[in-house]
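Any read-out appearing in this document is the output of simple, stated calculations on the displayed coordinates, not a laboratory observation. For clarity, every value in this text was computed on a predicted model and none was experimentally measured. Note that each Cβ is placed from the backbone with ideal geometry, even for glycine, and that neighbours are counted across all protein chains shown.
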Amino acid sequence: MSTTTSLSVARRPRAYVRAAGPDAEDFLQRMVSNDVVALAVGASCEALLLTAKGRVIAPMRVVRRREEDFLLLTEPELGERLAGELTRMRFAAKVEIATEQHASYLLLGADTGGISNAEYGVPAVEVLDEDPPADLSELGEEELETLRIQAGTARFGKDIDDQVLPAEAGLVERAVSFSKGCFPGQEPIARLHYRGHANRGLCVLEVEDAKAGTEIIWKGKPVGRVTSAVPGRALGYVRTEVPEDAVLDIGGAEARHARMRPA
């Protein structure tokens, strides 16, 4: 197993949805935002299920287990909704949609031996239906959340809701293909990508203490809000006209950009 940092394990709760059958590849290619056809057996990609207006229904990682068998990994609270939405849109396609039950853990510091995970700014894989190595240290929930926030990764239910555009959350670069053909929400996503820009972006902020929901202030005016926070770091949406070197105010605490916002 190839590693680039010391190995550790963490819990990453998931829901799992199966899409399998003769039409599974074609169906997913038409329904989700990334190029499923390009996946070899054992490979995976990030993708989104979107509304016609380009709003996020569910983020996921699509894994091709076999030629006609795909596993979709999504947030724990979204499994039933993802399965229900795909079933509703299935029509005459020969594809079985169903939730599955799996146990998994996250192996940080590894880039092989599981399902690729790019959420935490370090090499990582998700391992299904195996016990984690007993000799590895386990990261707590706050430690894992700190890695996610430092990496600038948006999480559904915290940084993503039905008011957030994928471009604002940095999801287009991670989970959208503009060359694969049509999918629900493609037109507004492509129009913003090629002809305009988002008015705000998800930013990593250095701040001693912050709480989700707190307004971000610049020059006495609100320019965004905090969506996730741990001691010393926060994620928040900030309007694009705010300079990268701006000194911001979050609940009376000074805040600065920790790194560049998504383009």
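Loop-resident GluC sites (Glu not before Pro) (DSSP state other than H, G, I, E or B) in the range 51-133 with no more than 12 further Cβ atoms inside 10 Å of their Cβ: Glu67, Glu130. Here the range 15-100 was treated as a single set of alpha-carbon atoms; its pair distances binned every 10 Å from 0 give 19, 59, 21, 0 percent.
Across the chain, Cα pairs under 8 Å and at least six residues apart give a relative contact order of 20 percent. Ignoring lysines fewer than eight residues from Lys219 along the same chain, the ones with Cα atoms less than 29 angstrom from its Cα are Lys158, Lys211. Projecting label points 7 angstrom from Cα along Cα→Cβ for Ala253 and Arg88 puts them 3.9 nm apart. For the range 15-100, averaging the sequence separation of C-alpha pairs within contact (under 8 Å, six or more residues apart) and dividing by the residue count gives a relative contact order of 42 percent.
Seen from Lys221, the other residues with C-beta closer than 12 Å to its C-beta sum to a net charge of -1, counting Lys and Arg as +1 and Asp and Glu as -1. Bridgeable aspartates and glutamates around Lys94 (alpha carbons under 17 Å apart, same-chain partners fewer than 8 residues away excluded): Asp23, Glu25, Asp26, Glu67, Glu68, Asp69, Glu85. Within the chain, the longest segment free of exposed loop sites, counting trypsin sites (Lys or Arg not before Pro) that fall outside DSSP classes H, G, I, E and B and have at most 13 other Cβ atoms within 10 Å, spans 95-210. The order of Thr153, Thr87, going from fewest to most other C-beta atoms within 10 Å of their C-beta, is Thr87, Thr153.
Computed from the C-beta positions of Gln101 and Ser179 and an R0 of 41 Å, the FRET efficiency is 0.70 to the nearest 0.05. Neighbour counts of other Cβ atoms within 10 Å put Asp159, Asp135, Asp249, Asp209 in the fewest-to-most order Asp135, Asp209, Asp249, Asp159.
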